[in-house]
Amino acid sequence: MLLIACPWCGERDETEFHYGGQAHVAYPADPEALTDAEWAAYVFVRDNPKGPFAERWCHAAGCRRWFNVIRHTVTHDILAVYQAGQPRPVEFGLNGGAA
Amino acid sequence: MSSMSPQLPEHPDWLWRTPEPKTSYDVVVVGAGGHGLATAYYLARNHGITNVAVLERGWLAGGNMARNTTIIRSNYLCEESAAIYEHALKLWEGLPEELEYDFLFSQRGVLNLAHTLQDVREGTRRVNANRLGGVDAEWLDPDQVREFCPIVNTSPDVRYPVLGATLQPRAGIAKHDHVAWALARKADAYGVDLIQNCEVTGFVRDGDRVTGVETTRGRIAAGRVALAAAGHTSTLTDLVGLRLPLQSHPLQALVSELLEPVHPTVVMSNHVHVYVSQAHKGELVMGAGVDPYNGYGQRGSFHQIEHQMAAALELFPIFARAHVLRTWGGIVDVTPDASPIIGLTPVENLFLNCGWGTGGFKATPASGWVYADTIAHGRPHPLAEPFALDRFTTGALIDEHGAAAVAH
């Protein structure tokens, strides 16, 4: 089980959290202007890296707030935790996705 | 119990050569799991294409082919899915003879239990849909469930009483490792090179075309490159800038110690969420859904194991004193509609067969059959056509979440 440090509540068991997938996926600025393929990419396609991954978690059984985590998808090590809306830490060499 | 064979097949002698990779092949298949091996076998058998290599970064059938819970069924709701899985089931029924290898395909039936009124409606609807589509299916009331599988707790005095079940009598289980070895032996006999410890690290490009692969054992030219890499598919397509609607998740399973034959069939429950069979050797084999987070570590979180064991105890009080012998995890690639992606890609000569998620083993022969045909002719096999990558753009999804008789 993962031990996740909620930015507000501190370390809690994974079972208190809900997973939200890739972080920093921005809603398209002008959705009407997108082609079907671009819209499909926004709706359905996410990064799937083998390595550090910026992802969202919600402390569903606690403060109920969303926040972001950098987690290594092979070792499951949590490398960073930061609040929603903050920029992604640059030191993990993440690729793809919106800033 | 008559449905359980008392003996496993003898461990065979070497079933395939260990060739050095040649510099060039007509088709390079990436991944020597069940789907990759079946693809190579049918390329040779059905299309006469034998100048084929199957490249495997680890050892043959050491990924999800070694980690699945061996359940074979075709009772899907969506007709596109039922068609391809039923094609697989028909092939399974002939494969032991065709491959001259008894991998103990045991058609002991699969029960999908219903615990709520919604489950009952969904189950009866799926039985009707299956019958219309030529897939064997029956609806059992709780007494018939007890008769078919006496160890299921059908008491009304439990948290989620069994209100009925669907039964597919032709469904069952098989010895997964032996399936892979049977396919590998025949593919090898046709002249296919099975090359282990050979990881693909890049693609050779000529404009928009792929003309080969870079590997840890050198460059290999290929007329066509066919991916069959399951959870690692997107790490490969990232190398050619092709982003796919795939997320790789841990999927865990477990076995008990060896027990006397006690469980005559396969039981799946979507609502309390576990599926349970008993292997020929005697282990109870259980699995459930994926861990929610992305993962490539071939392990997940232990509370998933606790959850499925709690579900198993709810359904089978007789298992209360059984011990867990082993748990493990595989890496499954899940698509947004929980259906596979099979077919061509925007990169010429690069083919895709992925996204089987939690249910790829049962599809093994049909997956290889339609993929080989797609590769041989450069256009989708009719059964594969609905599963093309562009369905995410057109919106013609095959939404198997909740329709596939088990949650993903």
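Are any residues in segment B:231-244 within 9 Å of chain A (Cβ to nearest Cβ), surrounded by fewer than 22 Cβ atoms within 10 Å (Cβ to Cβ) and outside any helix (DSSP H, G or I), and if so, which ones?
Across segment B:231-244, the qualifying residue is only B:Arg243.
Take segment A:4-33 and flag every residue that is free of Cβ contacts under 8 Å to residues at least 40 places away in the same chain and either open to solvent by less than 30 Å² (accessible area, probe 1.4 Å) or within 11 Å of chain B (Cβ to nearest Cβ) (or both).
A:Gly10, A:Asp13, A:Glu14, A:Tyr19, A:Gly21, A:Pro28
Considering only segment B:322-338, how many residues are touching a Phe, Trp or Tyr at 6+ places or on another chain (Cβ under 6 Å) and open to solvent by less than 20 Å² (accessible area, probe 1.4 Å)?
1
Only one of these is more than 14 Å from chain A (Cβ to nearest Cβ), open to solvent by 10 Å² or more (accessible area, probe 1.4 Å), farther than 18 Å from B:Ile173 by Cα and in contact (Cβ under 8 Å) with a residue 12 or more places away in the chain: B:Ile342, B:Ile318. Name it.
B:Ile318
Return the residues of segment B:352-398 that are in a loop (DSSP other than H, G, I, E, B), more than 14 Å from chain A (Cβ to nearest Cβ) and either open to solvent by 30 Å² or more (accessible area, probe 1.4 Å) or farther than 24 Å from B:Asn294 by Cα (or both); say none if nothing qualifies.
Matches in segment B:352-398: B:Thr358, B:Gly378, B:Arg379, B:Pro380, B:His381, B:Pro382, B:Leu383, B:Ala384.
Only one residue in A:Ala41, A:Ala60, A:Ala80 is in a strand (DSSP E or B), at pLDDT 95 or above and at negative phi. Which one?
A:Ala80
Taking A:Asp36 and the conditions (1) within 8 Å of chain B (Cβ to nearest Cβ); (2) of a type outside the set (Lys, Arg); (3) at positive phi, which numbered condition does it fall short on, given that it satisfies the others?
(3)
Look at B:Val225 and say whether it is in contact (Cβ under 8 Å) with a residue 40 or more places away in the chain and crowded, with 23+ Cβ neighbours inside 10 Å.
So B:Val225 fits the description; yes.
Could you grab the pairs with beta carbons closer than 8 Å, sequence gap of 6+ or different chains, first residue in segment B:190-205 and among the acidic types (Asp, Glu), second one part of a loop (DSSP other than H, G, I, E, B)?
What qualifies is B:Asp193/B:Arg17; B:Asp193/B:Pro19; B:Asp193/B:Pro21; B:Asp193/B:Lys22; B:Glu199/B:Arg57; B:Glu199/B:Thr216.
Within segment B:303-315, track down each residue that is within 14 Å of chain A (Cβ to nearest Cβ), within 23 Å of the chain's Cα centre (by Cα) and open to solvent by 60 Å² or more (accessible area, probe 1.4 Å).
The answer is B:His307, and nothing else.
Assess whether B:Gly212 counts as being open to solvent by less than 30 Å² (accessible area, probe 1.4 Å) and either farther than 19 Å from B:Asn64 by Cβ or touching a residue at least 40 places away in the same chain (Cβ under 8 Å) (or both).
yes
Which residues, taken from segment A:34-50, are touching a residue at least 24 places away in the same chain (Cβ under 8 Å) and surrounded by fewer than 18 Cβ atoms within 10 Å (Cβ to Cβ)?
Correct list: empty.
Filter segment B:285-294 down to the residues that are more than 12 Å from A:Leu2 (Cα to Cα) and out of contact with any Lys or Arg (no Cβ under 9 Å at 6 or more places or on another chain), then identify the one that is farthest from the other protein chains (Cβ to nearest Cβ).
The qualifying residue farthest from the other protein chains (Cβ to nearest Cβ) is B:Val285.
Only one of (1) in a helix (DSSP H, G or I); (2) over 30 Å from B:Gly368 (Cβ atoms); (3) among the hydrophobic types (A, V, I, L, M, F, W, C); (4) touching a Ser or Thr at 6+ places or on another chain (Cβ under 8 Å) fails for B:Trp139. Which number is that?
Result: B:Trp139 fails condition (1) only.
I'd like to check something: does segment A:51-60 contain any residue that is open to solvent by 50 Å² or more (accessible area, probe 1.4 Å), more than 10 Å from chain B (Cβ to nearest Cβ) and in contact with a helix residue (DSSP H, G or I) (Cβ under 8 Å, 6 or more places away or on another chain)?
Yes: one or more hits.
Evaluate the following for B:Glu93: is it surrounded by fewer than 18 Cβ atoms within 10 Å (Cβ to Cβ), touching a Leu at 6+ places or on another chain (Cβ under 9 Å) and touching a residue at least 40 places away in the same chain (Cβ under 8 Å)?
no
Being among the acidic types (Asp, Glu) and closer than 29 Å to B:Val285 by Cα: is that true of B:Asp177 here?
When the stated conditions are applied, B:Asp177 passes them.
The values are calculated or read from the model by the stated rules, or taken from the named source; none is laboratory data. Because the structure is a prediction, the values reported are computed rather than measured. Don't worry about glycine lacking a Cβ; one is built from the backbone with ideal geometry, like all the others, and counts go over all protein chains shown. The area values use the complete protein model at the heavy-atom level, side chains included, leaving out ligands, DNA and RNA. Shrake-Rupley method; radii C 1.70, N 1.55, O 1.52, S 1.80 Å.
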